[in-house]
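Below: one structure, written as structure tokens.
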Amino acid sequence: MLAQTARLDSAVASYTRSPTAPLKLLGGGSAMHRLVPRALVSFLRAHPDVEVAESRTPQTVRRLADGEADLGVVIDDEARGSGLDLEALGDDSLVVIGRSGGILAGRPSVAYSEVAEHPLIGLDADSSLRRWIEKHLGPHAPLVRYRTTVAHLTVLVGLAEAGVGLAVVPRRALDPGRPVEVCELEDPWARRHHLLAWGVKDGPLPAATAALADHLRQAARSEPAWPARHEETGPHRAG
């Protein structure tokens, strides 16, 4: 009876599954933390399957240009000049956080070189955000002493809140009012934006792709509002 039930479930699923290939959405670790999950919660209620994968912006741009993915959430400075259709989604600037009342208390801003003098906690070395930071620090970056590294931003924020060390995270990874000290990073590379990028495909834009893009826009608009120190600018989709 159980075997028959399993076969019946499989048969029903085959009718509800999209007959076409699922949409492919790529994004970096920051986008995957909140933005993409928010969009998928509403999108998947009424639309086909979506394959989602974490990918650094250079790899995402290449796969979109080759037609291997439908949409990507990319970082502005690495996607400009790619030839893809791009649209600004929102701020993704980085800040440094630490425990409430700790060494960051009362500080409006700090340079990364000073942050690196303190014990840090960070993401794993192969994470897209960690590799993005190290790329922009360059070969003469200050020596960093990590007390520990973790796989997820949620864990990273929790450890910083507990006083384990300082952490560099996207501001949008934090809930407003969370009991942590939040300090602006003075370094220009810390100011960045998310862009929505379209894959190069033949023919008209599928309705499901357009719908997913709209859900990503709505998710970006619904994220908690933080006061920004800089004006949000970025390239927009051609046409």
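The values are calculated or read from the model by the stated rules, or taken from the named source; none is laboratory data. Since this is a predicted model, take the numbers as computed values, not measurements. Cβ atoms come from the backbone with ideal geometry, glycine included; neighbour counts cover every protein chain shown. Protein only, heavy atoms only, side chains kept; ligands, DNA and RNA dropped before computing areas. Shrake-Rupley method; radii C 1.70, N 1.55, O 1.52, S 1.80 Å.
Side notes on the structure shown:
- Residue ranges 191-198, 76-83 sort as 191-198, 76-83 when ordered by packing (mean number of other C-beta atoms within 10 Å per residue, highest first).
- Ordering Pro188, Pro170, Ser222 by the projection of their Cα atoms onto the charge dipole of region 159-226, which places +1 on the Cβ of Lys and Arg and -1 on the Cβ of Asp and Glu, puts Ser222 at the extreme positive end.
- Judged by the mean number of other Cβ atoms found within 10 Å, the most tightly packed of the peptides 145-155, 208-218 leads the ranking 208-218, 145-155.
- Each peptide in 176-183, 158-165 was scored by the mean count of other Cβ atoms within 10 Å over its residues; highest first, the order is 158-165, 176-183.
- Rounded to the nearest 10 Å², the accessible area of Asp85 at probe 1.4 Å: 50 Å²
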